[in-house]
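These notes are about the structure you will find just below.
The values are calculated or read from the model by the stated rules, or taken from the named source; none is laboratory data. None of these values were measured; they are calculated from a predicted model. Neighbour counts are summed over all protein chains in view; Cβ atoms, including those assigned to glycine, are modelled from backbone coordinates with ideal geometry.
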Amino acid sequence: MTSETNWPEVSQWSPDQLRTLWNQLQAQVNPFAQVLCLDGNLYRMLDNGAKAFIAQNFINHVKESVLYCIDGTGHDRVFLGAPRHFVAGCGMILQPRGSEPFWIVRSETKVKTATVCPPSIPEKTTKIPRPPNAYILYRKERHNTVKEANPGITNNEIYMADRIKQALLEKHPDYQYKPRKPSEKKRRTRRNTQAQIVVSSTADDFPISSPESGIPLTASPPSTHDAN
């Protein structure tokens with residue numbers, strides 16, 4: 001990898017010193033290395049021109065923008081790499097006012113709380129299904145047959161009719177339904193009509209009186225003999 005010698009930033013370091021420094025850091029550069037690590041003492045000795053020189057050479061390797069991040073985990077070192085690598089996983093970048101960026105690892109407890117613990121959802125009460133009784137099992141087996149035999153009425157009506165019939169047969173085992181003939185219906189109607197006529201004529205002959213006053217409730221016109 002060719003070092004960048006014509007760097008626009010002015011540095012107190014000579015070009016030879018910069019090339020030597022980069023050659024030492026280049027030992028970390030390989031196809032799998034995406035972040036460069038510099039010793040803290042070395043980094044503090046570099047001026048802006050030297051830092052820019054190292055950054056530009058590393059950009060030629062990773063093919064993306066990079067930045068310096070001070071290790072905030074307690075080690076005296078500085079990382080150089082693309083920002084996306086510093087925020088991956090539990091990483092986070094902080095930059096207090098007037099200071100360089102710091103890379104820290106968020107506490108394990110906070111990470112678990114944010115990523116693992118889902119919001120509490122009340123547990124649903126498990127509903128125990130009702131076991132089928134004899135009627136349910138019978139209906140499941142005979143439903144279609146009964147429905148086809150009794151078109152036009154509901155299941156409830158079929159069930160109630162069967163129960164009423166069963167109760168009647170238990171109370172009167174010899175019962176048989178015998179509908180009346182049309183001639184019998186006419187004779188009963190004539191007898192009822194004659195009875196009503198007899199009652200009506202009797203009421204006209206014997207008027208009903210009030211028991212308290214002895215005065216008939218139905219009055220007849222005065223007799224001409226009484227007037228004389």
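State the number of residues belonging to the stretch 35-61 that are surrounded by 15 or more Cβ atoms within 10 Å (Cβ to Cβ) and either charged (D, E, K, R) or modelled with pLDDT under 90 (or both).
So the count comes out to 2.
Could you name every one of the helices (runs of 4 or more DSSP H) located completely within the stretch 26-108 that has at least 1 residues being over 20 Å from PRO15 (Cβ atoms) and in contact with a Cys (Cβ under 9 Å, 6 or more places away or on another chain)?
Numbers: elements: 40-45, 48-62, 83-86.
Per the criteria, 83-86.
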